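> Have a look at this one before I ask anything.
The values are calculated or read from the model by the stated rules, or taken from the named source; none is laboratory data. Treat the numbers as computed from the prediction; the structure is a model and nothing was measured. Virtual Cβ from ideal backbone geometry, glycine too; neighbours counted across all protein chains shown.
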Amino acid sequence: MKLLVFEGAPGEIADLLERMPHLNTPGLPSNGSGANANSSLVSPKVAVWTRERVTEMWNCLYGAQRKLVQLILDKGGKVDVADAQKHLGFGRGPKIAGVLSSITRNARRITKYKEARFVEDWIDEKHHSWGYRLPQHILATLQSVASKK
């Protein structure tokens, strides 16, 4: 077994993992139980969101983008579509898609990762609802960053 040790800022390590996905070795299992550690890989989606990048993303949000992300934060990381549209003053329809596409474009620009997402969709088929959420690896950091502003 080979062991590679890298030193650097979190952003530098994240950049390295993006460029060299074969180094993205098994990490903690997603269920946190410690069982079957080899079945889970550290996702690049997690690796690209360092504290510095979350802070930069938060600082570049404005207008409806900032309002939507702040609403999701205020609601504990998850909001349904109707609440988001109402909060932004939108009726039913695709207007919110423009806000989300701007957030995603900025996320990809900041991380330099073509699949980066800052806000994700969620669907609850059992209760026939859907909406938007902040991924867990972003939520905790963003709560800390946003509270300092």
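> Of these, 69, 46, which one is surrounded by 15 or more Cβ atoms within 10 Å (Cβ to Cβ), at pLDDT below 95 and part of a helix (DSSP H, G or I)?
Answer to the check: 46.
> If you take the residues in region 95-149 that are in a loop (DSSP other than H, G, I, E, B) and in contact with a Pro (Cβ under 9 Å, 6 or more places away or on another chain), which one is surrounded by the fewest Cβ atoms within 10 Å (Cβ to Cβ)?
115
> Taking region 52-66 as the region of interest, how many residues are surrounded by 16 or more Cβ atoms within 10 Å (Cβ to Cβ) and more than 10 Å from residue 103 (Cβ to Cβ)?
5
Yes/no per residue for (1) closer than 22 Å to residue 148 by Cα; (2) more than 17 Å from the chain's Cα centre (by Cα); (3) not assigned by TED's automatic domain parsing to the domain that holds residue 133:
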| position | (1), (2), (3) |
| --- | --- |
| 61 | yes, no, no |
| 67 | yes, no, no |
| 78 | yes, no, no |
| 82 | no, yes, no |
| 86 | no, yes, no |
| 103 | yes, no, no |
| 106 | yes, no, no |
| 110 | yes, no, no |
| 116 | no, no, no |
